[in-house]
1. If residue 331 meets every condition in (1) at pLDDT 90 or above; (2) touching a strand residue (DSSP E or B) at 6+ places or on another chain (Cβ under 6 Å) apart from one, which number is that one?
2. Mind checking whether some residue in segment 84-93 is assigned to a loop (DSSP other than H, G, I, E, B), without any contact (Cβ under 8 Å) to a residue 60 or more places away in the chain and either within 28 Å of residue 50 (Cα to Cα) or in contact with a helix residue (DSSP H, G or I) (Cβ under 9 Å, 6 or more places away or on another chain) (or both)?
3. As an exercise: evaluate residue 148 against (1) surrounded by fewer than 24 Cβ atoms within 10 Å (Cβ to Cβ); (2) assigned to a loop (DSSP other than H, G, I, E, B) and give the number of the one condition it does not meet.
4. Restricting segment 242-264 to residues that are in a loop (DSSP other than H, G, I, E, B) and modelled with pLDDT of 95 or more, which is surrounded by the fewest Cβ atoms within 10 Å (Cβ to Cβ)?
5. Please give the number of the condition residue 209 fails out of (1) buried (at least 20 other Cβ atoms within 10 Å of the Cβ); (2) touching a helix residue (DSSP H, G or I) at 6+ places or on another chain (Cβ under 7 Å); (3) assigned to a helix (DSSP H, G or I).
6. Got at least one residue in segment 215-232 being closer than 23 Å to residue 161 by Cα, without any contact (Cβ under 8 Å) to a residue 40 or more places away in the chain and in a helix (DSSP H, G or I)?
7. Within segment 191-208, how many residues are out of contact with any strand residue (DSSP E or B) (no Cβ under 8 Å at 6 or more places or on another chain) and touching a residue at least 24 places away in the same chain (Cβ under 8 Å)?
């Protein structure tokens, strides 16, 4: 873990790295560990981070962390986040500052270990690596020490995804949990926070859409509209082809992803490949608003405190949405007064609508790339 902390503290870090496969008793695919990163290694393992700080599509093997999302809060609505993973630990403790488990008391929502599953998810079979570990992978893409876009951001885990069907009620409860945590006196103060979701419902829910709209504009502690209250910027995954997320024409079928274009202050994120082109495995419909790395992305796994997903789990727009959440966190570090609508405008104004954040050289005030 010490190496991970040193890595995170550097302003400019190499993205060419060496990994190794390690066995996992219940997953024949195993897991990866991240051994070292140095300019001499041939594989640009962390290409997604390399992509994060350049307006051009060229990759230079480096990632600038001068602005790292410090002061921002990202809510991860997913399957729980392993707070003790090296990617999320600091010398002072975990950057996961809270967790809410909406599945703990539901039959079928149990995990094969004791503890708070919103911040200590676990599994003992291969399918669980993908499902129960999904939230940890997502969180690391947003704010991991070594693999995340914004390693200074705080995270809050809302466990709403598992082997149970995701329902409108649980979606509503998750949004309520975000609002309640945001107004908790123990939560770091903010004007705008970020909510990232990499799954959804199979049909549009007007009531939930209305609630998201209210949250982007600002809410009081009871969830009522308040322009002076807490505001939330949302990132939704753009869906993967062949997984029921879009039709044959690439049009999104998953809510709220398929309503992102209609909601100001929320964006639907499509997938980008290493060659700087849209990833072929992602939905390509008109509902995609911005693009972010989705193919062959190194993300954390719950199989060990220093484990990362094996290659078969390393691709998906599930990782593109939190990537953009990390970009938004860096924008908010520069300007905490940004509204969700302003964040969306900056993202959609980038060349090719590819989510990047360029840190200008020098010691003056930093600004997000426009």
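The values are calculated or read from the model by the stated rules, or taken from the named source; none is laboratory data. Predicted, not measured: the structure shown is a model, and the values here were computed from it. Cβ coordinates were reconstructed from backbone atoms using ideal geometry, including for glycine residues, and neighbour counts include every protein chain displayed.
1. So residue 331 meets the others, but not (2).
2. yes
3. Unmet condition: (1).
4. 264
5. (1)
6. No: segment 215-232 contains no residue that is closer than 23 Å to residue 161 by Cα, without any contact (Cβ under 8 Å) to a residue 40 or more places away in the chain and in a helix (DSSP H, G or I).
7. 1
Results for (1) in a loop (DSSP other than H, G, I, E, B); (2) touching a helix residue (DSSP H, G or I) at 6+ places or on another chain (Cβ under 9 Å), shown as yes or no for each residue.
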position	(1), (2)
30	no, no
36	no, yes
39	yes, no
43	yes, no
59	yes, yes
74	no, yes
